[in-house]
Ligand code: ACO
């Protein structure tokens, strides 16, 4: 690899790299991906092992601090997060100023941005506490965005519950009766969150780093990351996949005809949940999600024809030269939506779930960047192709 900033200083040359396909913006110790072999490791641990044996909070610690926590460290981390779940009552009123039709990702990003109005100034240097607050409050904000869209009352968090159970209760519980915990649901959601926790320099993480590189605080950086994640080419793809599957079902056009339209690039139509900038092989997260989909739907007693359409679509695409030549495989978003739907989440909440999953990775990168003595403000170059100097009329 070449250090381009030195090369630029020495030669004055600028590399043009649309989409940063070949430009590393940083060194990092957090996540390793081998896109050709379909390998993903967090801090050296294979994603398959973490998904099987770990928990969301343990992986969060691992990503942020670099080692697996001891039992005491994890216990203390969990305890602190439970103590910070409450939102300021004024912030709860903030939700009533937004339309109930608002997309939950916009609500999430706005509320995280608003968090800095409560805490900014009180502890600007206390990144550790800010990370705890974000881990504790993001799921509560997410659940309130969901409840608001339904016109239902917000519940207070029940801090005797685990991270995931608390979140599920806030989404699906009500004031009238106690919430019944379903271990199948909790385990499945925890696993999905682990799979989303980090993915090195993807668009939203790069956004978090870029915003953070200006010296902006962690709340602002995470709020920007949430917005970057919302796009359909990134985290928003999980929502788009379900819409695509439903459209194939409702139109009755059949999987084969839909794939033909994708190959003709008709109206820019894409096979959502397929393809990845880094993976030129099966996304290892998609392998795990696909395996879980049958298991979770059976465990929840749900049969969904959209899962059958997804599998048929995958089979069709994997045998087709268009997808083979371009090395397009299912990515993490292809099967997650079917599981979220079976859990009872509306489609518009899918990317919010991704954001909760990705939060620890964003924070780990923000922290790593701030500890790195080589960090500079992010400021890409451009190649100017506009008009040469012109004279203003009369000047
Ligand atoms: N369906 C059909 N064709 C595709 C798809 C797709 N999903 N993805 C890529 N292609 C085609 C492109 O049209 C291009 O074809 P061409 O060579 O004829 O021009 C070729 O494959 C290469 O694709 P690029 O767009 O250059 O790949 P890039 O790395 O820039 O984009 C991306 C990656 C954005 C993920 C793309 O594959 C895509 O749009 N996929 C669908 C959206 C999606 O699932 N996003 C989630 C990504 S994972 C995540 O963020 C969590």
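Averaging 1/r over each pair of different alpha-carbon atoms in region 208-259 and inverting the result gives 13.2 Å, the Kirkwood hydrodynamic radius. Rounded if a/c is under 1.5, else prolate if a/b beats b/c, else oblate: with a ≥ b ≥ c from the C-alpha gyration tensor eigenvalues square-rooted, which is region 99-152? Cα axes put region 99-152 in the prolate bin. Were the residues from residue 216 through residue 382 laid out at 0.36 nm apart, the gain over their Cα-Cα distance would be 57.4 nm. Look at where the Cα atoms of region 361-389 and of region 147-192 average out, and the two centres are 39 Å apart.
Considering Cα pairs under 8 angstrom that are at least six residues apart, work out the relative contact order of region 103-241 and quote it in whole percent. Could you put the intermediate results ahead of the total?
Working: 108 pairs, mean separation 41.4, N = 139.
Relative contact order of region 103-241: 30 percent.
With the alpha-carbon atoms of region 292-382 aligned to their principal axes, the span from lowest to highest coordinate is 52, 36, 21 Å, starting with the largest. The label point for residue 73 and the one for residue 265, both projected 7 Å from the Cα toward the Cβ, are 4.9 nm apart. Highest mobility in the GNM of the chain, judged by mean-square fluctuation with C-alpha springs under 10 Å and restricted to 181, 30, 194, is found for 181. Stretched out straight at 0.36 nm per residue, the stretch from residue 23 to residue 129 would grow longer than its current Cα-Cα span by 34.8 nm.
Within region 335-363, name every residue whose backbone N is under 14 Å away from a label modeled 7 Å from Cα of residue 102 along the Cβ vector. Taking a point 7 Å out along Cα→Cβ of residue 102, no residue of region 335-363 has its backbone N under 14 Å. Reducing region 298-341 and region 346-360 to their Cα centroids gives an inter-centroid distance of 19 Å. The relative contact order of region 1-143 comes to 17 percent, based on Cα pairs under 8 Å that sit 6 or more residues apart.
According to the Cα gyration tensor, what semi-axes, each the square root of 5 times an eigenvalue, does the equivalent ellipsoid of region 122-269 have, listed from largest to smallest in whole Å?
32, 26, 13
Given R₀ = 51 Å, FRET efficiency for residue 280-residue 156 by Cβ-Cβ distance, to 0.05? So the FRET efficiency works out to roughly 0.60.
In units of 2.2 N^0.38 Å, what is the alpha-carbon radius of gyration of region 57-213? All intermediate terms of the calculation are to be shown ahead of the outcome.
Numbers: Rg = 16.1 Å, N = 157, 2.2 N^0.38 = 15.0 Å.
Output field value: 1.07.
When peptides 257-268, 335-346, 373-384, 289-300 are sorted by average Cβ neighbour count within 10 Å, with the highest value leading, the order is 335-346, 289-300, 257-268, 373-384.
Given only helices, namely DSSP H runs of n ≥ 4 each adding -39500 (n - 2.57), what is the per-residue ellipticity at 222 nm of the chain, to the nearest 500 deg cm²/dmol?
Details: 18 runs with 221 residues, N = 395.
Value at 222 nm, helices only, nearest 500: -17500 deg cm²/dmol.
With the Cα gyration tensor of region 1-137 giving a ≥ b ≥ c as the square roots of its eigenvalues, does the rule (a/c under 1.5 for rounded; else a/b larger than b/c for prolate; else oblate) give rounded, prolate or oblate?
oblate
What full-extension length gain, to one decimal in nm, is calculated for residue 370 and residue 291 as 0.36 nm per residue of separation minus the Cα-Cα distance? Numbers along the way, then the final one.
Numbers: separation 79, 0.36 × 79 = 28.44 nm, distance 3.79 nm.
Gain in length upon complete extension: 24.7 nm.
Normalising the average separation of contacting C-alpha pairs (under 8 angstrom, six or more residues apart) by the number of residues puts the relative contact order of the chain at 23 percent.
Taking the inverse of the average 1/r across all pairs of different Cα atoms in the chain, what Kirkwood radius in Å do you get? Walk me through the numbers on the way to the answer.
Details: mean 1/r = 0.0445 Å⁻¹.
It works out to 22.4 Å.
Since every read-out is calculated from the coordinates, none of them should be taken as a lab result. Predicted, not measured: the structure shown is a model, and the values here were computed from it. Cβ sites come from the backbone with ideal geometry, for glycine too, and all protein chains shown count toward neighbours.
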